[in-house]
Amino acid sequence: MAAVTGGPDGAGERGLHEDAGRVVVVGGGVVGLACALRLRLAGVDCLVIDPMRDGEAASWGNAGHIAIEQVAPLASWGTVRSLPRRWFGRGGPVDVPRPWAIAPWLRRFLRACSPARHAAGQQALRGLLAEAMPAWRRLLQDIGRPGLLRESGHCVVWETADGERRGRAAWLHGDIGEARATPLTDKALAMLQARLDPPLRAGLHFEGSAQVADTGQLMRDLRAALLDRGGQWLRAKVARLAHADGHAAILLDDGRRIEADRILIAAGPGSKRLMADLDEHAPLIEERGYHLQWRDHDWPDRPPVVFEDRSVILTRFDGGLRLAGFVEFVPPGMPPDVRKWQRLRAHALALGLPVRGEPEAWCGARPTLPDYLPAIGRSRTAGNVCYAFGHQHLGLTLAAATADRVLALFRDPGDTSPVAPYGLQRFAD
Ligand SMILES: Cc1cc2nc3c(=O)[nH]c(=O)nc-3n(C[C@H](O)[C@H](O)[C@H](O)COP(=O)(O)OP(=O)(O)OC[C@H]3O[C@@H](n4cnc5c(N)ncnc54)[C@H](O)[C@@H]3O)c2cc1C
């Protein structure tokens, strides 16, 4: 039996279930890595399998914002009503270039927007988001890298009267969980304005949220910490899961077979196909986003700024200044849409961002389920498989909290209560 040390609630002496053995984590994005590291810190023999070249997955390209304020799931009638003004063709961030190809997902999304389902989702998301900051603090403390988390909140600003009216109502009167929002002082607004061209009307400062110092550095440090502590990494792609008699094994695309006491599927958008091998339906969609990042810039060391009228977020990382945005619902394999990078460039120009040179251009997919809750749980068809994926816009925020829930699941396989609202059984109909 493996001894548990450094668990989320200080329950370091509690043992893992006897069957824990070796855990193979499929997917080395931020969710898979955080889970592998938390399990390894608890004494579990851990192997991560991922073919990815650094920088490609959303875990590397995201906006770096620990967004604990985003308690309301995006599956809501409010989102549906906002679509016309948020449409890409009308200057907004939302694009659905092949609606017919994602019709089943859209049907489920509309069902999840019902007030009752939205309220239940909000409760489930609030619970996980409340753990996000403490879980990140603990995980980064445990690996000696607390400086990767910058706890200075973030700002939201508006350039238009409409944006200000809607934004104020949403953030000052809505549920923002453990975060606190206050109007930006004149001085703080003037400091931002001094760096930007268009006149800002007003803004909010959020306390309780955070950013990571650099998404790439975070990923490299999590991986290094796993390897330093005896975890393993195999650069390979899982072709499929072989499933017989309630047990799964891993088949790599080079033909090798890997037996594992336990498997954790944390392959982001790739999880859907792997779960299908187990006859488990995971209605995941790729919700793509884009960024531009300039290495050379004069943006000061400030928390992330959301330009809400433009639906973009600006984050200063150690490695450069990143402008990110767009929600593009696409079937897998579609080439990036260069118009989105052009639009980001136009926003940068209009804002007068102090940047120089050619930015790096990135596009990647959020793994999104129709109700905008993650999937965390145990397979109903293969007893040795658990899963953690589908973290949509909040994968960075929720990775460490998810890892704590996964550890709880491994500690006591009979007790699924820590993950009850997040099980895939909610899509069984
Ligand atoms: C533009 C943009 C901005 C964002 N901003 C934020 C933000 O500010 N805050 C936030 O919390 N979230 C943000 N997100 C969302 C966040 O990035 C994702 O939710 C998160 O990265 C998902 O992590 P993941 O590990 O589940 O998936 P991924 O990052 O996609 O990683 C999955 C990994 O699994 C591997 N994999 C897939 N298939 C297989 C297979 N068959 N075999 C082996 N390995 C496999 C892949 O190679 C990949 O490395 C943003 C996303 C985008 C696109």
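The values are calculated or read from the model by the stated rules, or taken from the named source; none is laboratory data. Keep in mind that this is a model prediction, so the values were computed, not measured. Here the Cβ is made from the backbone with ideal geometry for all residues, glycine too, and neighbour counts use every protein chain on show.
Numbers below:
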item	result
Those residues of the range 58-70 which are part of a loop (DSSP other than H, G, I, E, B) and more than 17 Å from Leu369 (Cβ to Cβ), in sequence order	Asn62, Ala63, Gly64, Ala67, Ile68, Glu69
Total residues in the range 33-74, condition under 30 Å from Pro303 (Cα atoms), of a type outside the set (A, V, I, L, M), in contact (Cβ under 8 Å) with a residue 40 or more places away in the chain and within 12 Å of the ligand (Cβ to nearest atom)	12
Helices (runs of 4 or more DSSP H) lying entirely in the range 150-265 (those with 1 or more residues that are loosely packed, with under 15 Cβ neighbours inside 10 Å and within 16 Å of the ligand (Cβ to nearest atom))	215-228
Candidates Gly55, Gly43, Gly78 - the one that is surrounded by fewer than 24 Cβ atoms within 10 Å (Cβ to Cβ), over 19 Å from the mean Cα position of the chain (by Cα) and in a loop (DSSP other than H, G, I, E, B)	Gly43
Cβ pairs under 6 Å, 6+ apart, first in the range 351-376 and free of Cβ contacts under 8 Å to residues at least 60 places away in the same chain, second assigned to a strand (DSSP E or B) and not acidic (Asp, Glu)	Ile376/Ala388
Conditions (1) surrounded by fewer than 23 Cβ atoms within 10 Å (Cβ to Cβ); (2) in the same structural domain as Glu259 (by TED's automatic domain parsing); (3) in contact with a helix residue (DSSP H, G or I) (Cβ under 8 Å, 6 or more places away or on another chain); (4) β-branched (Val, Ile, Thr): number failed by Thr381	(3)
Any chance Gly144 is part of a loop (DSSP other than H, G, I, E, B) and either without any contact (Cβ under 8 Å) to a residue 12 or more places away in the chain or more than 16 Å from the ligand (Cβ to nearest atom) (or both)	yes
Scan of the range 317-333 for residues that are surrounded by fewer than 18 Cβ atoms within 10 Å (Cβ to Cβ) and within 22 Å of Leu83 (Cα to Cα), ordered by number	Pro331
For Leu369: the one exception among (1) within 24 Å of Ala242 (Cα to Cα); (2) within 13 Å of the ligand (Cβ to nearest atom); (3) among the aliphatic types (A, V, I, L, M)	(1)
Verdict on Trp171 being modelled with pLDDT of 95 or more, farther than 30 Å from Asp277 by Cα and touching a strand residue (DSSP E or B) at 6+ places or on another chain (Cβ under 7 Å)	yes
Some residue of the range 75-88 being out of contact with any Pro (no Cβ under 9 Å at 6 or more places or on another chain), small (Gly, Ala, Ser), in the same structural domain as Phe109 (by TED's automatic domain parsing) and over 13 Å from Ala266 (Cα atoms)	yes
Tally, over the range 410-429, of residues that are part of a helix (DSSP H, G or I) and within 26 Å of Ala112 (Cα to Cα)	10
Residue in the range 381-393 that is within 21 Å of Val94 (Cβ to Cβ), assigned to a helix (DSSP H, G or I) and within 8 Å of the ligand (Cβ to nearest atom) present	yes
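Every residue, every condition in (1) at pLDDT below 95; (2) of a type outside the set (Val, Ile, Thr), yes or no:
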position	(1), (2)
Glu358	no, yes
Asp371	no, yes
Pro374	no, yes
Cys386	no, yes
His391	no, yes
Thr397	no, no
Ala401	no, yes
Phe410	yes, yes
Ala428	yes, yes
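This table checks each residue for (1) assigned by TED's automatic domain parsing to the domain that holds Val305; (2) among the acidic types (Asp, Glu); (3) within 16 Å of Phe307 (Cα to Cα); (4) over 24 Å from the mean Cα position of the chain (by Cα).
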{"residue": "Leu149", "(1), (2), (3), (4)": "yes, no, no, no"}
{"residue": "Cys155", "(1), (2), (3), (4)": "yes, no, yes, no"}
{"residue": "Thr160", "(1), (2), (3), (4)": "yes, no, yes, yes"}
{"residue": "Gly167", "(1), (2), (3), (4)": "yes, no, yes, no"}
{"residue": "Ala179", "(1), (2), (3), (4)": "yes, no, no, no"}
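The rows are residues; the columns are (1) closer than 30 Å to His118 by Cα; (2) among the charged types (D, E, K, R); (3) modelled with pLDDT of 95 or more.
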{"position": "Cys155", "(1), (2), (3)": "yes, no, yes"}
{"position": "Pro183", "(1), (2), (3)": "yes, no, yes"}
{"position": "Leu196", "(1), (2), (3)": "no, no, yes"}
{"position": "Arg220", "(1), (2), (3)": "no, yes, yes"}
